[in-house]
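What follows is one structure encoded as structure tokens, with my remarks underneath.
The numbers here are math on the coordinates, done by the rules we state, and not lab data. Please read all numbers here as calculations on a predicted model, not as lab measurements. Cβ coordinates were reconstructed from backbone atoms using ideal geometry, including for glycine residues, and neighbour counts include every protein chain displayed.
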Amino acid sequence: MSQAASQTSRRTLSLVRTAMDLDRPSLLLVTAQILLIIGTFAGFVIQSTWTMLLLYGFLLAAGIGWVTRQALTAKVVTFLMTAATLSTLGLIGVFLILEAIPVVRHAGLDLIWPFGSNEWSSTQGQFSLVPMIWGTLLTTVVAIVIAAPFGVAGALFISEIAPDWLREIVKPAVELLAGVPSIVYGFIGFTVINPYVGNLLSINPGALFAIGLVIGFMALPTVISVAEDALSAVPESMKDGSMAMGATDWQTMKSVSIPTAFSGISAAVLLGVGRAIGETMAATVMISHSRRLPKPELYNAFDSTETLTTLIAASYGHVTPGELFWSALFAAGVLLMVIVTGLGIVSELVEQRMHRKLRGGQ
């Protein structure tokens, strides 16, 4: 059982024990809050007209509880909000899967099978997500080639090399870059990067390389910020011990700081991968939306195709609900959900492995 699951179990048991020790008024108040929020959630799902009334009732009960029994109400409300969040995520997953079933029944394994026709033609009823999956993979690889080394280097500079006065300027500036809207990056990519790369390499606009380049720079603030936090968490005693043994600053960074913070650095890179995979607007503005595999070679990042996110962004407004095309867009959403979930699992496994390594294999 993971640490997060253990903590959740302990908190649930604590809440149960608290409920068992309540007096009658407190028990009635807690029961009312739970029933009202469950009713609100269910009413929202089934689009009932009673939803807002139930919500107002919950807010009233929570307000009364906050005035009369603040500590108990805080426990109950935070637990209910956590449960509502997890339930919402679960319902989103179920909804995506249900909407994707029609196209799965129609196309079968050809939907994601790379050795089939790999053709996308809504007019002919051919739906293959293979070109979009491949386009997502190529742009992500290019983005990580940019974001990972530059991001880790930037984190090392901020954490280990830059003087305090410069660190106080650079770190907030890097974090501010993460707040720039993706459409701004996409517009810059469309007006500056696309023409420049096209003229320099004599390729058509919308090349996957140019898109990956822009997304890589978009992911840089995330990688730098998270990796810098991990490096800053390395105990100073470990660094001082290395320096006392005669190691240089670079040797200390290479042999002490990076290995010790490797789990955090890995998480930073994986977050960058998630940003690259899930990026929509910047890629949608720049890409040429040709739903085919790159030519002449599959690994040709200087050709253009489509990605899973740009397929959804460019198509959903022109599709009627209930069509196979509509279902295919939800299938693309299911794939994205599976990929991002897989990245989260891999990140957790890497972190657990590094914790075991730092504890000496215990």
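About the centre of its Cα atoms, the chain shows a dipole size close to 820 debye [charges on the beta carbon of Lys, Arg (+1) and Asp, Glu (-1) only; nearest 20 debye].
For Ala153, what charge total do you get from the other residues with a beta carbon under 12 Å from its beta carbon, if Lys and Arg give +1 and Asp and Glu give -1?
After counting each charged neighbour, the total is -2.
For the stretch 74-116, the Kirkwood estimate of hydrodynamic radius, built from reciprocal distances between every pair of different alpha carbons, is 12.8 Å.
Across the stretch 224-287, Cα-Cα pairs farther apart than 16 Å form 55% of the total. With N counted as the residues of the stretch 45-159, its alpha-carbon radius of gyration over 2.2 N^0.38 Å works out to 1.82. Dipole orientation for the chain: of the candidates His289, Phe262, Asn204, Phe262 has the Cα lying most toward the positive pole (charges on Cβ; Lys, Arg +1; Asp, Glu -1).
Spatially close Lys pairs in the chain, defined by Cα atoms under 25 Å apart and a spacing of eight or more places or different chains, total 5.
In the stretch 106-218, the alpha-carbon atoms span a convex hull of 164 Å³ per residue.
Tell me, how many Å apart are the Cα centres for the stretch 227-259 and for the stretch 312-327? Spelled out, the Cα-based centre of one part sits 52 Å from the other.
With N counted as the residues of the chain, its alpha-carbon radius of gyration over 2.2 N^0.38 Å works out to 1.22. Largest first, the three principal axis extents of the alpha carbons in the stretch 49-97 are 44, 26, 6 Å in whole numbers. Helices that extend 15 Å or more along their long axis by alpha-carbon positions and average at least 0.0 on the Kyte-Doolittle scale are, among the DSSP H runs of the chain, 24-45, 51-68, 70-107, 130-156, 164-177, 208-232, 262-278, 324-358.
The order of Thr309, Thr31, going from fewest to most other C-beta atoms within 10 Å of their C-beta, is Thr31, Thr309. The alpha carbons of the stretch 214-362 stretch over 67, 33, 26 Å along the principal axes, in descending order. This ranking places Ile265, Ile38, Ile345, Ile183 by how few other beta-carbon atoms lie within 10 Å of each, fewest first, which gives Ile345, Ile183, Ile38, Ile265. When each of the peptides 232-239, 322-329, 46-53 is scored by the mean number of other C-beta atoms lying within 10 Å of its residues, the order from highest to lowest reads 322-329, 232-239, 46-53.
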